[in-house]
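For reference, the structure is listed below as structure tokens.
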Amino acid sequence: VNDYHWGAPFKKPVGDQKIVYDKDYGWSAANDADGQIYPAIGSTSDNINIIEHHMMSNVHIVLQTKSDGSQVTLDGAIVKMTRFSNAGKVYMGNGLVEPSGTITSELTVPCVDNGNHKYSYRVVPQALYRGTNKETASTLDNFVGLTIRTTDSNQYYVVKRLSDIIATSVQQNSTDYTGGEQTKGQPIEFWYPGHDYTYTITISKKGIEAITCSIVPWITVTGGNINIDLEQ
């Protein structure tokens, strides 16, 4: 449940360019000089922009059912996230998160709103498959997935590969968010830091009716200006 933060002096973006996280280099690049962070700062009278980022990813699973006689009982349903990394470390120089460990874990007790059940988990940013790409991750052991079990003893294997789910919307403050890490209409193959992922799953006695996912990037926090005196 911890909301870890990481911050650094970032270069000012050009035009509509956004500060984005790179899966291999964090907020930097292969060559630090090409990254978004100032590699070094000496004595200066200029403003120094310290921008702080949320380092975890929020994942929400919203269960809903139909009202046409094929509905299932959602009260008491158990949702488990399978084969995901639950630990990791952050490199202080560039903010890169390196996940580790693989577990299956039951998600938190849901909040119920208008008959829908919302389960939440704060996870380490990570790829939703193991290996260099989805195509080479051949076995299901290499994919993050979900299972749902209802109280009527039916078990629904909701999705064996979460990396196949398409982003139906990517927004910030109810406004379309473009130029960032995630793209609307593309598969969600990576959970990025500072992003809120809401998977809405409709289930019935027939099985899974639909799965959609919307993404809301959190707000970055920029520090204000203060005067700092250097000790002689």
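Annotations for the structure displayed:
- Straight-line cross-link partners of residue 118 among the lysines, defined as a Cα under 17 Å from its Cα and at least 8 positions apart when in the same chain: 66, 80.
- Net charge over other residues, Cβ less than 15 angstrom from the Cβ of residue 82 (K, R count +1; D, E count -1): +3
- Residue-by-residue Karplus 3J(HN,Hα) for region 188-202, coefficients 6.51, -1.76, 1.60, Hz, glycine and proline x: 8, 9, 8, 8, 8, x, x, 10, 10, 10, 10, 9, 9, 10, 9
- Chain lengthening between residue 31 and residue 50 when straightened (0.36 nm per residue, less Cα-Cα): 4.8 nm
- Accessible heavy-atom area order of 129, 197, highest first, probe of 1.4 Å: 129, 197
- Residues with amide H under 5 Å from that of residue 56, placed H, sequence gap 5 or more: 4, 194
- With a Förster radius of 22 Å applied to the beta-carbon distance between residue 106 and residue 75, the computed FRET efficiency rounds to 0.90.
- Area of residue 60 that stays accessible when all protein chains are in place (1.4 Å probe, Å², to 10): 20
- Under Stokes-Einstein, with the Kirkwood radius over Cα pairs as Rh, the value for region 1-128 at 37 °C and 0.692 mPa s is 185 µm²/s.
- Partners of residue 89 within straight-line reach, counting lysines whose Cα lies under 17 Å from its Cα and excluding those fewer than 8 residues away in the same chain: 23.
- Estimated translational D of the chain in µm²/s (Stokes, Kirkwood radius over Cα pairs; 4 °C; 1.567 mPa s): 66
- Of all DSSP beta bridges in the chain, antiparallel share, percent nearest 5: 80
- Backbone geometry of region 106-120 corresponds, through the Karplus equation with coefficients 6.51, -1.76 and 1.60 at θ = phi - 60°, to 3J(HN,Hα) couplings of 6, 6, 5, 4, x, 9, 10, 9, 6, x, 8, 10, 10, 9, 10 Hz, x marking Gly and Pro.
- Environment charge of residue 202, counting only residues whose C-beta is closer than 10 Å and scoring Lys/Arg +1, Asp/Glu -1: 0
- Within the assembled protein chains, the solvent-accessible surface assigned to residue 92 is about 140 Å², based on a 1.4 Å probe.
- The accessible surface of the chain, taken with every protein chain in place and a 1.4 Å probe, is 47 percent carbon and sulfur.
- For the pair residue 152 and residue 11, a Förster radius of 45 Å applied to the C-beta separation gives a FRET efficiency near 0.20, rounded to the nearest 0.05.
The values are calculated or read from the model by the stated rules, or taken from the named source; none is laboratory data. Every value quoted in this text rests on a predicted model; they were computed, and no experiment measured them. Methodologically, a virtual Cβ is constructed for each residue, glycine included, from the backbone with ideal geometry; neighbour enumeration extends over all protein chains shown. What goes into the accessible areas is simple: the full protein's heavy atoms, side chains included, and nothing from ligands, DNA or RNA. Shrake-Rupley method; radii C 1.70, N 1.55, O 1.52, S 1.80 Å.
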